[in-house]
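Student: Just dropping this structure here.
A short reminder: the numbers here are calculations on the coordinates, not readings from a lab. Fair warning: this is a prediction, and the values are worked out from it, not measured in the lab. All Cβ positions, even for glycine, are placed from backbone atoms using ideal geometry, and neighbour counts span all protein chains on display.
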Amino acid sequence: MDTQRAGREAGNARVAAGGEGDECRGVTDACVPIVNACNHRAPADAVVNQVILKIVQRCNLDCTYCYVYNRGDDSWKSRPPVISERVLLRLAERINEHCRRHQLSSFTIELHGGEPLLIGKRKMQALLTLLRSRIDAAHVRFTMQTNGLLLDSAWIDLLAQHQVSFGISLDGPPALADRYRIQRKDRSGSTQQLLDIIAQLRSEGPLFDQLFGGCLCVVNPDIDGGELVDWFVAQGFDAFDFLLPDGNRLNPPQGWTGVAPYRRFLLSAFERWHALGARAPRIRKFELMMSGLLGGKVFLDALGGDLRLLCVLESDGSIGVSDVTRICGGEYANDVLNIFDHALDEHVRRYRIDEVQQVCGTCRACPHLASCGGGYLPHRFNGIHFANPSIYCEALYALSARMTQLLHDHLPAGMLADMATPALPASRLASGAMR
Ligand code: SF4
Ligand code: SF4
């Protein structure tokens, strides 16, 4: 799977759908106008409704940017390679307890790794059967993020049997993506093999696309964003998302030379997406940011969504915050909670998530908070705390400024006059420049 794109981002279904938790319905009559306020937060009583379940701690790829294996956290080495029945049974009990306490009728389990398909079909069958039979919630939704290299028609049948939708990690054309998406066994590239597998499964019938939510693509600014949008469309992908590589001021993204290349990439991709009009694919980041500008709720963690809504369960039963925060080290990389001794949402109190995820003063005053949300929590870290703009601030700001400009260009003047002022000078709207 792809933990770079992990749970919080993963959730194939979330690629195509409105956002985490499916609570964002996009722009509706109830949406308020362009606002300079953060509408990313769930209500004060927000509770965990999703677990990112790390069923396998190993991967057949060794992606250079992967935060699990190559960003300084080696905790995977000491965990069981595959989750045990004992942990799964306890998880089912905890989910039941949690859903009863909070009167939740539905709960999402996102299968993650490492690469979740390495568990094998027999164990996956047992795992899904166990969880479906033991969890009382009226609706248990299973999603999965995979690198797709092990998928075959038997896997598709098994996933269909248990109604597991999935997303696939794909970074673009082989010549580009293979620099980073490297096979662990022989250090060769993996992308053409993946494309061949997808083509084969699509040729066998509609089932693949019925379960497939879309692609997650880690941004590589060596390619033009617009060209990459065209490439995905040409390959027949109509839903995907661009993920910014994980890193922060203490632990910068791999190959970091500054934010400018990412700004260029996102702006180019956005222009192409917009130019495609009716033929435009679903690109989650763009859709959610524009929805945020119009007052829609943005639950995606990569855009400052509420981290109280999910927890990560490791194969040894450890419970944690969004696991990308492990690249920040310190208490976020410690295993102090586990499913045997602690409730499913104990990490919210233990790590003071409500307090820690509050955006800084700069973000609170930013006209693009409603779309950007301050960025992803681990990307805000400065070695001491998270009360900083994202390391990708300039790119997110420029992207949101361009979106704002478009909205201003296309919405009726009378409607705009009634809107809250986005507080963005027209000159900056035109250039999309950073403050
Ligand atoms: S596919 Fe790549 S990013 Fe995903 S878990 Fe494996 S090595 Fe990490
Ligand atoms: S990270 Fe930058 S663009 Fe985003 S809300 Fe904060 S200041 Fe604004």
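Student: Fewest first, what order do Lys285, Lys77, Lys123 take by the number of other Cβ atoms within 10 Å? Numbers along the way, then the final one.
Tutor: Numbers: Lys285 24, Lys77 10, Lys123 15.
So the ranking, lowest neighbour count to highest, is Lys77, Lys123, Lys285.
Student: Starting from the Cα-Cα distance between Glu355 and Asp157, subtract it from 0.36 nm times their residue separation and give me the gain in nm to one decimal.
Tutor: On the way: separation 198, 0.36 × 198 = 71.28 nm, distance 4.37 nm.
Value of the extension gain: 66.9 nm.
Student: Counting only C-alpha contacts under 8 Å and six or more residues apart, can you give the relative contact order of region 293-371 as a whole percent?
Tutor: The value is 29 percent.
Student: With 10 angstrom as the radius, rank Thr325, Thr191 by how many other C-beta atoms surround their C-beta, starting from the fewest. If you can, show how the numbers build up before the last one.
Tutor: Numbers: Thr325 28, Thr191 20.
Exposure proxy ranking, most exposed first: Thr191, Thr325.
Student: Here's another thing I want to ask about it. Tell me the label-point distance for the pair Gln103, Arg279, using the 7 Å Cα-to-Cβ offset, in nm and rounded to one decimal.
Tutor: In this crude label model, Gln103 to Arg279 measures out at 5.1 nm.
Student: Follow-up. Test of understanding: what is the full-extension gain from Phe340 to Gln183, defined as 0.36 nm times their sequence separation minus their Cα-Cα distance? Working shown, then result.
Tutor: Working: separation 157, 0.36 × 157 = 56.52 nm, distance 3.52 nm.
Computed gain between Phe340 and Gln183 is 53.0 nm.
Student: Then there's this: Give the order of Val68, Val87, Val324 when sorted by the count of other beta carbons within 10 angstrom, beginning with the fewest. Please list the in-between numbers first.
Tutor: Details: Val68 26, Val87 21, Val324 29.
With the fewest neighbours first, Val68, Val87, Val324 line up as Val87, Val68, Val324.
Student: Once you have the Cα-Cα distance between Thr129 and Ala413, take 0.36 nm times their residue separation minus that, and quote the gain in nm to one decimal. Mind dumping the intermediate values first?
Tutor: Numbers: separation 284, 0.36 × 284 = 102.24 nm, distance 5.60 nm.
Length difference between fully extended and current span is 96.6 nm.
Student: Determine the percent antiparallel among the DSSP beta bridges restricted to region 67-205, to the nearest 5.
Tutor: Details: 1 of 12 bridges.
Close to 10 percent.
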